Every structure is written in structure tokens, then in C-alpha cells.
Amino acid sequence: MTVKRALLLAFVAALLVAGCGGDDESTATDTDTVTTPVETARLRVYLLRDGKVAPVAREVGDILLDEIALDLLLRGPTEDERELGLETALPEDVEDVAVSVDDGVATVELDGSEGLSREALAQIVYTATAFPGVESVSVDGTTYTRADFEDETPSVLVESPLPFEEVGNPVRAEGTANTFEATFHYELTDTDGRIVDENFVTATSGTGTRGTFEFTTDEYEIPFDGIGALIVFERSAEDGSRIHLVEIPVRMTR
């Protein structure tokens, strides 16, 4: 079994979003025997943008969990995501992997794990800990949490909405941030590229300590259905310019 297939089997089972489908729930403890059919499941996996983790959505339909794992693996970033600059640091040729979860720790055992880059480890840790109940990840005998990868995390990490997801009106956003004085700015642009809302946000902490945030934009009008964008950024303390800017394309409908 390839590393990515086994990892994705574990993460697929772990990252099913409650309420995103029928009434049946799926639970997995053995990554080699996941065959539970699901109606609709939404997965959150973490790619990279400029060396920083960047979550993307994967939605799958009425198929078996073990059937989607290899397919999602082989596709990697979509064409649209590549155009956003998203990529992966996970190797393609590592084999023999086992994943287990016990007492909040996901243990990942794989051949060649000593050669994983910091960026690849960040992808694994962020993806695994997106599952409620998983607080840390053990790889090659070392246990990591998200806090160990602050250098691989953008100053403002938006975890909802994700790129190309359909958003409501108003848009609700949440995530984590580590910015100067815990503040950052956002802009919401419509399907014609015009700014329809802008404001600043204050996270629960900042200036060296990562905090959480959530905010709701004003209601907006769009000229036609299509792709708008949620843009987050900091203001430079030196000259007020935009720094650490991240643009998230979103689907808007009237």
C-alpha cells in the first residue's frame, strides 16, 4: 500500500464532515478495512502555497471510502488549485505505511519518513488534526502538534470558506491568525471584481501567539453568478502596505 493511499484512507475516514450527506454515520478504526459507503462526504486536506499550509475541499459522492482514496491521491491539486499556486511536498514513492489513532494521537509509520520535509510534515499534521479528537501526530517517533509548524503556517489561515466553495450571503469565515496586535483586514469582491465589503478583524490573540477568529461580512449584491474572492491581509506597520495577502476564490450565487 502506498503512503498516500494509506494516509488518505485514514484522513478520509477522519475528515467526514458531520451533516454533509445522509443520516448514516461512518466510523473507521482500521485503515485497511474501510469499506463503508457514504452518500456525500466533504474532506479538508492541506496543500501548500508559498511553503505555507493551505486547506482545500474535496467532496465525494456515493462510493466506498477505500475507492476514493487512491483517486484523490493521484489527482493531487486540481488545475484551478495549481493556478492559485497550490502544490504538495509529500513524496510519491514512499511505501509501507500504517496509521492508527489512540488517545488523541495519530501515529503515522512509514518507510522513508526521516526524509520528509518540514512542509510535508506540516501537511500531514494539519490534515490529521482537522479530525475532531486528534490533537497531535506522531511520525518516526516524534510527536507534533500544529503549533510546531508556525513557520509553515500563514499569518492568517482561513479554514472556512475554502477555495471554490459556494458561500452564503453574507459570507461567514473562520480560522486562526498570528498577526501584529491580533488584527488583520479582509475584502470581499463580487463576481465582477468590485469590493462589496471590507473591514478589519481582531483574533483572540496575536503578536507571536496564534489565536482564533470568526467574522461575518455584510450582505452583498452581485451582477451575476460566478467567482468572487475573500482576500485577507495585514497592514505593514512601516508603510501601511498590504503584506501576507491571501486570496480565496469563492462561488457566489444570487
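Go through the range 31-57 and report how many residues are surrounded by fewer than 19 Cβ atoms within 10 Å (Cβ to Cβ), at pLDDT below 90 and farther than 14 Å from F131 by Cβ.
Qualifying residue count, the range 31-57: 8.
Within the group E150, E159, E165, which residue is in contact (Cβ under 8 Å) with a residue 60 or more places away in the chain, open to solvent by less than 40 Å² (accessible area, probe 1.4 Å) and under 24 Å from S205 (Cβ atoms)? Lay out the reasoning, then the answer.
Details: E150 fails: open to solvent by less than 40 Å² (accessible area, probe 1.4 Å); E165 fails: under 24 Å from S205 (Cβ atoms).
None of the others qualify; the one that does is E159.
Would it be correct to say that F215 is over 28 Å from R118 (Cα atoms) and open to solvent by 20 Å² or more (accessible area, probe 1.4 Å)?
For F215, the condition - over 28 Å from R118 (Cα atoms) and open to solvent by 20 Å² or more (accessible area, probe 1.4 Å) - is met.
For the range 210-250, enumerate the residues that are out of contact with any Phe, Trp or Tyr (no Cβ under 9 Å at 6 or more places or on another chain), of a type in the set (S, T, Y), in contact (Cβ under 8 Å) with a residue 12 or more places away in the chain and farther than 14 Å from V156 by Cβ.
T216, Y220, listed by residue number.
Going by the conditions given, is L70 at pLDDT below 85, open to solvent by 30 Å² or more (accessible area, probe 1.4 Å) and not in a loop (DSSP other than H, G, I, E, B)?
Details: at pLDDT below 85: yes; open to solvent by 30 Å² or more (accessible area, probe 1.4 Å): yes; not in a loop (DSSP other than H, G, I, E, B): yes.
Against the criterion (at pLDDT below 85, open to solvent by 30 Å² or more (accessible area, probe 1.4 Å) and not in a loop (DSSP other than H, G, I, E, B)), L70 qualifies.
The rows are residues; the columns are (1) modelled with pLDDT under 85; (2) farther than 28 Å from E174 by Cα; (3) surrounded by 16 or more Cβ atoms within 10 Å (Cβ to Cβ).
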residue	(1), (2), (3)
I63	yes, yes, no
S100	yes, yes, no
Y126	no, no, yes
T145	no, no, no
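Residue check: is T204 open to solvent by 70 Å² or more (accessible area, probe 1.4 Å) and within 20 Å of Y46 (Cα to Cα)? So that I can check it myself, show each step before the final result.
On the way: open to solvent by 70 Å² or more (accessible area, probe 1.4 Å): yes; within 20 Å of Y46 (Cα to Cα): no.
When the stated conditions are applied, T204 does not pass them.
Confirm whether D151 is touching an Asp or Glu at 6+ places or on another chain (Cβ under 7 Å) and among the charged types (D, E, K, R). Spell out how you get there, then give the answer.
On the way: touching an Asp or Glu at 6+ places or on another chain (Cβ under 7 Å): no; among the charged types (D, E, K, R): yes.
Taking the combined requirement at face value, the residue does not satisfy it.
The values are calculated or read from the model by the stated rules, or taken from the named source; none is laboratory data. Predicted, not measured: the structure shown is a model, and the values here were computed from it. Here Cβ is always computed from backbone atoms with ideal geometry, including for glycine, and neighbour counts include all displayed protein chains. Each accessible area value is taken on the protein alone, full model and side chains, heavy atoms only, with ligands, DNA and RNA left out. Shrake-Rupley method; radii C 1.70, N 1.55, O 1.52, S 1.80 Å.
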